[in-house]
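The values are calculated or read from the model by the stated rules, or taken from the named source; none is laboratory data. Everything quoted here is computed from the prediction, not taken from an experiment. Cβ coordinates were reconstructed from backbone atoms using ideal geometry, including for glycine residues, and neighbour counts include every protein chain displayed.
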Amino acid sequence: MPALLVVGVRGLGGAIARHFAGKGWDIACAARTESDVTALAAATHGLGLLADLRDSASTGRLCAQAWEKLGRIDLVVGAQTSGARFGPQSVLELADFERALSGYPQATLHLLQAAAPRLIAQGGGSFVQMGTGSGLKAREGFAGISAAQAASRALCAVAALELKSRAVHVAYLAIEGGIEREGGRRPHELAIPPREIARAVEFLHGQEPQAWTHELALRPAGAAAR
């Protein structure tokens, strides 16, 4: 049975885990908050682990535990959030930049460094880092998230080049728009359903090495009209 390790379980990470659980995959889910991990592990009949990607030792223990329990991980997904302010913030007013950096590019690096050697040792696998449209194009008023996501994107681009010859598929999946939420106020055409994001992760993992996609952007139907 193929296995997924997803780090970050609120919202998008949880939707990805439930999607793959529905496909019969074994699931390992991890986050900083025990109650969130326990709830998702129960919902997916999976393995729940505590970890903080901002800390390299914690991330190393996470991957060691996941591989020990499941034997093999075919797909690793970084769906973490930084906890930093997500809304508009001028570069002149940016206050929690270190938090954004530790939660995104540093966390991505720690997960790559802990997971990639294990993927290589088992003969290959996929690593997908979830990102935002701010990582693709700087947005006025979004200094922290734009810089942090751009750094995560760059790390994934370099890792993709370095690891492709070792059968590890690395991809940065950018969500360029809102994510549809039950009861949300965002118009349907301006939000992406979580199930479609999960299907995009599945698509990336299922690609043949001769045509790997290393960067994929998802945009809602109404994005071009804005």
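Filter the stretch 131-174 down to residues that are of a type in the set (D, E, K, R) and in contact (Cβ under 8 Å) with a residue 40 or more places away in the chain and give me whichever is farthest from residue 98 (Cα to Cα).
Just the residues of the stretch 131-174 that are of a type in the set (D, E, K, R), to begin with: 137, 139-140, 153, 162, 164, 166.
Now narrow it down to the ones that are in contact (Cβ under 8 Å) with a residue 40 or more places away in the chain: 153, 164, 166.
Values: 153: 17, 164: 31, 166: 33 Å.
Result: 166.
Of everything in the stretch 134-174, what is at pLDDT below 95, assigned to a helix (DSSP H, G or I) and more than 17 Å from residue 109 (Cβ to Cβ)? Give them in sequence order.
Answer for the stretch 134-174, where residues must be at pLDDT below 95, assigned to a helix (DSSP H, G or I) and more than 17 Å from residue 109 (Cβ to Cβ): 134, 143, 144, 145, 146.
Could you tell me whether the stretch 118-126 includes any residue that is under 20 Å from residue 197 (Cα atoms), surrounded by 14 or more Cβ atoms within 10 Å (Cβ to Cβ) and of a type in the set (Val, Ile, Thr)?
First, pick out the residues of the stretch 118-126 that are under 20 Å from residue 197 (Cα atoms): 125-126.
Filter once more, so that each one left must be surrounded by 14 or more Cβ atoms within 10 Å (Cβ to Cβ): 125-126.
After this cut, where a residue has to be of a type in the set (Val, Ile, Thr) as well, the list is none.
Looking through the stretch 118-126, none of the residues is under 20 Å from residue 197 (Cα atoms), surrounded by 14 or more Cβ atoms within 10 Å (Cβ to Cβ) and of a type in the set (Val, Ile, Thr).
Name the strands (runs of 3 or more DSSP E) wholly inside the stretch 2-57 in which the number of residues that are surrounded by 19 or more Cβ atoms within 10 Å (Cβ to Cβ), on the phi < 0 side of the Ramachandran plot and in contact with a strand residue (DSSP E or B) (Cβ under 8 Å, 6 or more places away or on another chain) is 3 or more. Step through it out loud before you land on a result.
On the way: elements: 3-7, 26-31, 47-50.
The qualifying strands (runs of 3 or more DSSP E) are 3-7, 26-31.
Please list, ordered by first then second residue, the pairs with beta carbon atoms under 7 Å, 6 or more apart or interchain, first in the stretch 115-127 and more than 16 Å from residue 65 (Cα to Cα), second of a type in the set (Lys, Arg).
120/166
Is it the case that the stretch 175-193 has a residue that's closer than 30 Å to residue 58 by Cβ and at pLDDT 95 or above? Outline the logic, then answer.
At the first step, the residues of the stretch 175-193 found to be closer than 30 Å to residue 58 by Cβ are 175, 179, 181.
Among the residues that remain, those that are also at pLDDT 95 or above are: none.
The answer is no; no qualifying residue exists.
Count, please, the residues in the stretch 113-133 that happen to be small (Gly, Ala, Ser), part of a helix (DSSP H, G or I) and at pLDDT 95 or above. Walk me through how you get there before you give the answer.
As a first pass, look at the stretch 113-133 and keep what is small (Gly, Ala, Ser): 114-116, 121, 123-126, 131, 133.
Then keep just the ones that are part of a helix (DSSP H, G or I); that gives 114-116, 121, 133.
Narrowing the set further to residues that are at pLDDT 95 or above leaves 114-116, 121.
Selection size over the stretch 113-133: 4.
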